[in-house]
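The values are calculated or read from the model by the stated rules, or taken from the named source; none is laboratory data. A quick note: this is a predicted structure, and the numbers were derived from the prediction, not measured. A quick note on method: Cβ atoms are made from the backbone with ideal geometry, for glycine too, and the neighbour counts reach across all protein chains shown. Ligands, DNA and RNA are excluded from the accessible area calculation, which covers all protein heavy atoms including side chains. Shrake-Rupley method; radii C 1.70, N 1.55, O 1.52, S 1.80 Å.
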Amino acid sequence: MNRPVPPGVAGVVPAAGASRRMGRPKGLLELGGATFAHRVVRALQDGGCHPVYVVVDADDEALRGHVADMDVVVLSNPSPGEGPITSLRLALAAVPEGIEGVVYLPLDHALVEGAHVARLLDEARRTKASLALPVHEGKRGHPAYFARTLFSELLDPDLEGGARTVVHRYLSDACLVETEDPAVVADIDTPEAYRQALARFEAAAAGSPPS
């Protein structure tokens with residue numbers, strides 16, 4: 001059952017990349033019986049995000065069809081080669097006026113679950129932070145929460161360095177949510193990282209520790 005939806009927080013899944021490091025489309029890869037695309041969408045929905053925007057390459061009909069039945073808004077990115085900031089901007093331009101912020105979760109972070117998203121939102125609200133990030137053993141990860149007050153900077157056409165630049169601008173005042181779960185920093189963007197993630201799932205299913 002989905003967590004009760006707090007008002008005004010949207011989810012954003014940038015899924016228009018070429019997956020060059022992986023060598024094949026990440027959105028349709030499977031992990032734990034679900035595709036990367038389904039896992040990240042469900043994490044956002046279960047964590048309290050609505051609506052959820054999935055931004056795909058304008059030519060990617062396979063991924064568009066794959067998520068069509070998940071109660072998401074699918075947006076087409078005509079210029080994915082210009083970086084993931086283009087996908088974020090498409091989503092920010094589409095969100096309704098009442099949205100207070102967005103939670104940004106790339107496909108690479110398919111181990112993130114709804115509980116991670118929910119805790120991030122709870123802490124962002126409690127601290128009234130404009131930026132919230134999970135942290136595991138000193139390393140910042142995903143998902144990332146951006147309040148509406150940061151939208152104009154993220155949408156700035158002269159912004160260099162993408163969303164990372166905005167993160168660094170506000171990092172000193174950010175809400176950093178400490179967690180013992182390495183899922184928030186697990187970036188599955190290479191065949192080796194994918195193999196390791198599969199091995200962990202198989203070991204967990206068998207009741208044995210991963211190698």
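In the range 1-15, the residue that is nearest to the chain's Cα centre (by Cα) out of those that are at pLDDT below 55 and aliphatic (A, V, I, L, M) is VAL5.
Of everything in the range 84-105 that is open to solvent by less than 20 Å² (accessible area, probe 1.4 Å) and within 15 Å of the chain's Cα centre (by Cα), the residue that is nearest to SER152 (Cα to Cα) is LEU92.
Residues checked against (1) at pLDDT below 95; (2) of a type in the set (Val, Ile, Thr); (3) open to solvent by 50 Å² or more (accessible area, probe 1.4 Å); (4) in contact with a Gly (Cβ under 8 Å, 6 or more places away or on another chain):
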position	(1), (2), (3), (4)
THR35	no, yes, no, yes
HIS38	no, no, no, no
GLY47	no, no, no, yes
GLU82	yes, no, yes, no
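Restricting attention to the range 62-74, which residues are more than 15 Å from the chain's Cα centre (by Cα), more than 28 Å from ASP181 (Cβ to Cβ) and surrounded by 15 or more Cβ atoms within 10 Å (Cβ to Cβ)? The answer is ARG64, and nothing else. Checking each residue in the range 16-29 for being modelled with pLDDT of 90 or more and farther than 13 Å from HIS109 by Cα picks out ALA16, LEU28. Pairs meeting the criteria (first residue in the range 78-95 and under 16 Å from ARG148 (Cβ atoms) and of a type in the set (Val, Ile, Thr), second residue open to solvent by less than 40 Å² (accessible area, probe 1.4 Å) and not in a helix (DSSP H, G or I), beta carbons under 9 Å, at least 6 apart or on different chains) are VAL95/ALA10; VAL95/VAL12; VAL95/PRO51; VAL95/TYR53; VAL95/VAL102. Out of LEU107, LEU75, one residue alone is under 10 Å from VAL12 (Cβ atoms) and of a type outside the set (Ser, Thr, Tyr). It is LEU75.
Counting only helices (runs of 4 or more DSSP H) that sit wholly inside the range 128-211, those with at least 1 residues that are open to solvent by less than 20 Å² (accessible area, probe 1.4 Å) and under 17 Å from GLU113 (Cα atoms) are 191-206.
Only a single criterion out of (1) at pLDDT 95 or above; (2) over 23 Å from PRO134 (Cβ atoms) is not satisfied by VAL72, namely (2). Once the range 106-127 is narrowed to residues that are among the charged types (D, E, K, R) and within 15 Å of ALA147 (Cβ to Cβ), the residue that is most open to solvent (accessible area, probe 1.4 Å) is ARG126.
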